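First the structure, in the form of structure tokens, and then the observations on it.
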């Protein structure tokens, strides 16, 4: 795979994330690996989200009690993982003009990224 070439097997949401980030940023090989993981997680989040649309939010537990559908917790955990992976990249914040030299991104840009990629659908 050539540097910045989109990995095979990405779904629609993962491909969008890959293209958006690689079009705007020059990433090192290690950062590309993290981005690939984030893209695959985004696709997984989308699949779980679609499954949950038609699923019951409350299901029967092992003792017959009502419990939250386990997919709800999984979805939350995978969304959090997407947010952590993207945070590791410390991408440039065009709005604030902050370079990716280790400085923290603005909370506004971080919120925008989380709403776009951490909460797919």
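Yes or no: residue 77 at pLDDT 95 or above and more than 26 Å from residue 12 (Cβ to Cβ)?
Considered against the rule, which asks whether it is at pLDDT 95 or above and more than 26 Å from residue 12 (Cβ to Cβ), residue 77 comes out as no.
Just the residues that are in contact with a helix residue (DSSP H, G or I) (Cβ under 7 Å, 6 or more places away or on another chain) and either surrounded by fewer than 17 Cβ atoms within 10 Å (Cβ to Cβ) or closer than 12 Å to residue 89 by Cβ (or both), please, taken from segment 22-45.
27, 31, 34, 35, 37, 38, 39
Residue 116: modelled with pLDDT of 95 or more, in a helix (DSSP H, G or I) and closer than 21 Å to residue 13 by Cα, yes or no?
It is false that residue 116 is modelled with pLDDT of 95 or more, in a helix (DSSP H, G or I) and closer than 21 Å to residue 13 by Cα.
Mind counting the residues in segment 1-21 that are crowded, with 18+ Cβ neighbours inside 10 Å and in a helix (DSSP H, G or I)?
Number satisfying all stated conditions: 5.
For segment 64-72, indicate whether the set of residues that are surrounded by 12 or more Cβ atoms within 10 Å (Cβ to Cβ), at pLDDT 70 or above and closer than 22 Å to residue 11 by Cα is non-empty.
Scanning segment 64-72 turns up at least one residue that is surrounded by 12 or more Cβ atoms within 10 Å (Cβ to Cβ), at pLDDT 70 or above and closer than 22 Å to residue 11 by Cα.
Is it the case that segment 74-97 has a residue that's farther than 30 Å from residue 5 by Cβ and without any contact (Cβ under 8 Å) to a residue 12 or more places away in the chain?
Within segment 74-97, one or more residues are farther than 30 Å from residue 5 by Cβ and without any contact (Cβ under 8 Å) to a residue 12 or more places away in the chain.
The values are calculated or read from the model by the stated rules, or taken from the named source; none is laboratory data. On a predicted model such as this, the values are computed, not experimentally measured, just so you know. Here Cβ is always computed from backbone atoms with ideal geometry, including for glycine, and neighbour counts include all displayed protein chains.
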